[in-house]
1. Distance between the C-alpha centers of region A:23-78 and region A:160-196? Whole Å please.
2. Less than 29 Å apart at the alpha-carbon level, and either on another chain or at least 8 residues along: which lysines does that give for residue B:111?
3. With a 1.4 Å probe and all protein chains kept in place, how much accessible area does residue B:91 have, in Å² rounded to the nearest 10?
4. Which of the residues in region B:244-259 lose at least 30 Å² of accessible area when you go from the chain alone to all protein chains together (probe 1.4 Å)?
5. Indicate the gyration tensor shape class of region B:8-300 (rounded, prolate or oblate), computed on the Cα atoms with a ≥ b ≥ c the square roots of the eigenvalues: a/c under 1.5 is rounded; otherwise a/b larger than b/c is prolate and the rest oblate.
6. Could you give the accessible area per residue of region B:83-218, probe 1.4 Å, as a whole number in Å²?
7. Please give the net charge around residue A:206, taking every other residue with its beta carbon less than 9 angstrom from that of residue A:206, where Lys and Arg add +1 and Asp and Glu add -1.
8. Taking every DSSP beta bridge that has both residues in chain B, what percent is antiparallel when rounded to the nearest 5?
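The values are calculated or read from the model by the stated rules, or taken from the named source; none is laboratory data. Since the structure is predicted, the reported quantities are computational estimates derived from the model, not experimental observations. Using ideal geometry, Cβ is built from the backbone for each residue, glycine included, and neighbour counts are taken over all protein chains shown. Accessible surface is based on the protein model in full, side chains and every heavy atom, while ligands, DNA and RNA are left aside. Shrake-Rupley method; radii C 1.70, N 1.55, O 1.52, S 1.80 Å.
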2 protein chains.
Amino acid sequence: MKWPERVMIKEVGPRDGLQNEPVSIATEDKIAWINQLSKTGLAYIEITSFVHPKWIPQLADAFDVATSIERVPGVTYAALVPNQKGLEKALASKIDEVSVFMSASETHNRKNINKSIAETFPVLAEVVREAKAAQKTVRGYVSTVFGCPYEGAVSVEQVIRVAEKLFDMGIDELSLGDTIGVANPRQVEEVLGVLLKRFPKEKIAMHFHDTRGTALANVLMSLQMGMTTFDSSLGGLGGCPYAPGASGNVATDDLLYMLNGMNISTGIDLERLTEAALFIQHKIGRALNSHYLQAMASCRA
Amino acid sequence: MKWPERVMIKEVGPRDGLQNEPVSIATEDKIAWINQLSKTGLAYIEITSFVHPKWIPQLADAFDVATSIERVPGVTYAALVPNQKGLEKALASKIDEVSVFMSASETHNRKNINKSIAETFPVLAEVVREAKAAQKTVRGYVSTVFGCPYEGAVSVEQVIRVAEKLFDMGIDELSLGDTIGVANPRQVEEVLGVLLKRFPKEKIAMHFHDTRGTALANVLMSLQMGMTTFDSSLGGLGGCPYAPGASGNVATDDLLYMLNGMNISTGIDLERLTEAALFIQHKIGRALNSHYLQAMASCRA
């Protein structure tokens, strides 16, 4: 098998992780944690979301976090932006990269952002246009690519339709989300097989959730399809909003353990990463559910 | 990618699972559970171990369990046997298949069975000879194939040496154990790449632990190498003796979820399997840590 020599891990714990934790973390602890993450070798950290605090109270301090962290050269700091209003705040905070988001399935899109898919496009198009005008790179998230909690199966044609619209708007990278963690490797092979005929693999990131334990197998299949960018959340922070108690984002530490073992470089120091995981675990006040962390905790004890 | 059409799952929960649970399960509950498992479509269940109760008190009722369960035609019932004395009891219980076991690494072998590897061979050879004389099939387990908790790396030459000895004794199948869950897919590719030049893939089973979350990725790599027999423990029952609190055997339900999604048939009914998992979870008195079970539990609640 031909494996890539290098993979880019994009840490989404401070956003996708914390927004799904019931515990509220103090702003200063978030800042300290992101500063720690910046020194692990991670080259990309999604630090917060400029969604209205009414929807995500856990990240109401987005501006404070974005303007107070230490910006380490070489690290890209990104934030989620839902609309023009969010973008204004994000730009004022001097974020490096803006992430827009929508779903591949109609029902999830409506439940998540209160608009139809058709109504979402012009809102995102405006954000992308303005962000690009402000010299920012833009990432586009597509949720429910491999399945929807309301509609079940999602057709690859629907994913292509949304992806095409987002690329037409000018996004620099597309992140394909298995939002509820239902994907299997054969599906990943099939979906990527179709998508990679339309879009360059360098512009696509994979965003797997480990809800049913298949995330690393899906990463492995993606690696074999030539993919080299993966989103993950340290310690598996966040869990799954559709299945409380179950796993959420694939854990950065589990992903890194596997990649290290496979001799695929990431530039990230697993020991420093573990320290950062223990820091946020302590603040969250519960054992995070990454396999790596649980095995390490047990070995230390 | 060419995927196999069918895979054989060998359920080791009643043995590898229960022997690593601190809770003692009543004999009648074990029997009821194994009877339930027999009706899920599983074609192979390792039901107990005839190791001396001093070492594994949880399975002291081996004979009672083996002689009291309902034997469903088409299901192979197997048990672990350490020596001649254990074999006598196993044969008296009319078990279908006998499993002998040893480690690829010297230190783990000594700690686990109190003998050097060289001292172990003649003991196992006698068990295999007698079991074959009694018309039983014999499985040989090799532990620490992908790493040892005491010695670290284990050379593939050492695995070959042990495997060759076991096949020479007359075992029908070899089960390659990632006892402490350290394997990664590239290592699986490399180790199998060497082993499959010496031994037929039809005679090898893969026995992965999910301690660091890589088990299903390792299964995926094994499938790609042509492997079609996998050991697993329902609900991830058992955990890891070297890292209490961490995951142990790959969970049968996680494995089945992935294989079902990949359209690889096993003959096993996931719904009935889930019922059997809930039964033993209730008896164990703690939430089992398979991803599938946790996601399902949450969805039901």
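1. Between the Cα centres of region A:23-78 and region A:160-196 lies a distance of 26 Å.
2. By straight Cα distance, residue B:111 reaches B:10, B:30, B:54, B:85, B:89, B:132, B:136, B:165, B:203.
3. 50 Å²
4. At a threshold of 30 Å² (probe 1.4 Å), the residues of region B:244-259 that become less exposed are B:257, B:258.
5. Here region B:8-300 falls in the rounded category.
6. About 38 Å² of surface per residue is accessible.
7. Neighbourhood net charge equals -2.
8. Just about 5 percent of them are antiparallel.
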